[in-house]
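A quick write-up on the structure given underneath.
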Amino acid sequence: MKHIMSFGILASTVLAFASPVLAQTVFVSTQLRPIEEATVVREELLKDIGPVDYVVEEPPQFAVRMEAERQAGKHTVSLVGALHGELSPLADKDTLEPLDDLAKKLATSGMPQSLLDLGKLGKSTQQYIPWMQATYVMAAKKEALQYLPDGADVNALNYDQLIEWGKNMQEATGQPQIGFPAGPKGLMARYFQGYFYPSFTGGVVRTFQSADAAAGWEKLKALWAYVTPNSTSYDFMQEPLAAGEVMVAWDHIARLKNAISAAPDDYVVFPAPAGPKGRGYMPVVAGLAIPKGAPDKAGAEKIIEHLSMPETQLLTASKVGFFPTLNVKLPPDLDAGVALLAGAVTATQASKDAVISLLPVGLGDKGGEFNKVYMDSFQRIVLQNEPVADVLKIQGATMAKLMTDTKAACWAPDAKSDGPCPVE
């Protein structure tokens, strides 16, 4: 498959994380947190690698923990696994070990230089090793295809066609058949940042309160008439798809995998729709890094090498639906559901109108507040039907203050900025 290219806290807080004896290599990860995925990591991906304590944490708690250990100078964590944007603030504070020797070794094993360059996080040395990659796609029951608008190509849909498709399905079945993960632990904020805003405005921050954004929100309101109200309780779309509650859904590939792998012949998987500015999509790159002062640096390096082996990378793809960062060929006997997802990822990356939107960078522990701006806008505009312009003005001011407070520069698809990314 093709690969994604491109891309005061009190120090005493650390006592809550401290352990008097570190018999195991502590591996803290913001990724593969759900119990099923964490079990795969512990029992299969890290099998026979030695004693490893795989600890999962939500991104805000991860940021607090790493800052507390940095301030205290007392380290319990030897290895971290996190998204590109979550590792960036650690690199900014010079708290990560350079991994240049590992990077050279992996380059010869087939890891694309473009991905390794992402792992430098703008520095001269390798800050993290790309671990796995993913994105978000749409999935539909094959029975939904009969309701597609005339002339529509499911692999090249636009929003008008998606709306018409939703209308057709609702008229035929009597129920809204489109679903989004807009629940408390769903990834709906990434839909706005990586798909909706880039597709309608060509940006994410600069264009937040633009006329293009307002037009996009009106289009989303039209689409939402055919979205099940239960979406606000959905965290993973694989469950409502498998249960027959919806026929069409958008979500992270790892959160669609179980339903599709269980019945691959029942589904089609395809790119998200395009808007006036193109087909927005968000490549997701997770990396492995070693904090400076790690109590078991050698053990951490051993784990990184193990997780970067072709067989481990393919096992990761098969078991949890995150794809290799190594340039390895997916085997013909790969899980049929994962193969479907891989095809949709390739189709998304190969779209002529693709607009890449990177994960937020430079927000530090304010990533949750950034997400909240989009989710609050969604709640007020789409669910509560408040005037679009009024909401965007209020939320735009919140966004502008957040950018100023964090001093976060713009990231793609927004044009670069010298200082904090402006809300224009």
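The values are calculated or read from the model by the stated rules, or taken from the named source; none is laboratory data. The model shown is predicted, which means the values in this text are computed figures rather than measured ones. Cβ atoms come from the backbone with ideal geometry, glycine included; neighbour counts cover every protein chain shown. Side chains are part of the model used for accessible areas, which takes the heavy atoms of the whole protein and leaves out ligands, DNA and RNA. Shrake-Rupley method; radii C 1.70, N 1.55, O 1.52, S 1.80 Å.
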| said: Considering only residues that are among the aliphatic types (A, V, I, L, M), open to solvent by 10 Å² or more (accessible area, probe 1.4 Å) and either within 16 Å of the chain's Cα centre (by Cα) or closer than 18 Å to Asp265 by Cβ (or both), which ones fall in segment 320-347? | reply: Leu334, Ala336, Ala339, Leu340
| query | What residue, among those in segment 91-115 that are among the acidic types (Asp, Glu) and in a helix (DSSP H, G or I), is surrounded by the fewest Cβ atoms within 10 Å (Cβ to Cβ)? | reply | Asp101
| message | So Leu359 ticks every box in (1) within 21 Å of Val285 (Cα to Cα); (2) surrounded by fewer than 18 Cβ atoms within 10 Å (Cβ to Cβ) but one. Which box is left unticked? | response | (2)
| Filtering segment 185-219 down to residues that are under 24 Å from Met247 (Cβ atoms) and part of a loop (DSSP other than H, G, I, E, B), which residue is least open to solvent (accessible area, probe 1.4 Å)? | Gly186
| note | Taking first residues from segment 43-58 that are closer than 18 Å to Val320 by Cα and second residues anywhere that are charged (D, E, K, R) and assigned to a loop (DSSP other than H, G, I, E, B), the pairs with Cβ under 6 Å that are 6 or more apart or on different chains are Val56/Arg33
| Does segment 278-293 contain at least one residue that is surrounded by fewer than 22 Cβ atoms within 10 Å (Cβ to Cβ) and part of a loop (DSSP other than H, G, I, E, B)? | yes
| task | Please work out if Ser88 is farther than 26 Å from Gly343 by Cβ, crowded, with 21+ Cβ neighbours inside 10 Å and within 23 Å of the chain's Cα centre (by Cα). | result | yes
| note | In segment 294-319, residues that are open to solvent by 10 Å² or more (accessible area, probe 1.4 Å) and either of a type in the set (D, E, K, R) or under 17 Å from Leu118 (Cβ atoms) (or both) total 7
| remark: Given the conditions (1) more than 24 Å from Asn371 (Cβ to Cβ); (2) in contact with a strand residue (DSSP E or B) (Cβ under 9 Å, 6 or more places away or on another chain); (3) at pLDDT below 95, every one holds for Asp48 apart from (2)
| Scan of segment 63-83 for residues that are under 20 Å from the mean Cα position of the chain (by Cα) and buried (at least 23 other Cβ atoms within 10 Å of the Cβ), ordered by number | Ala63, Val80, Gly81, Ala82
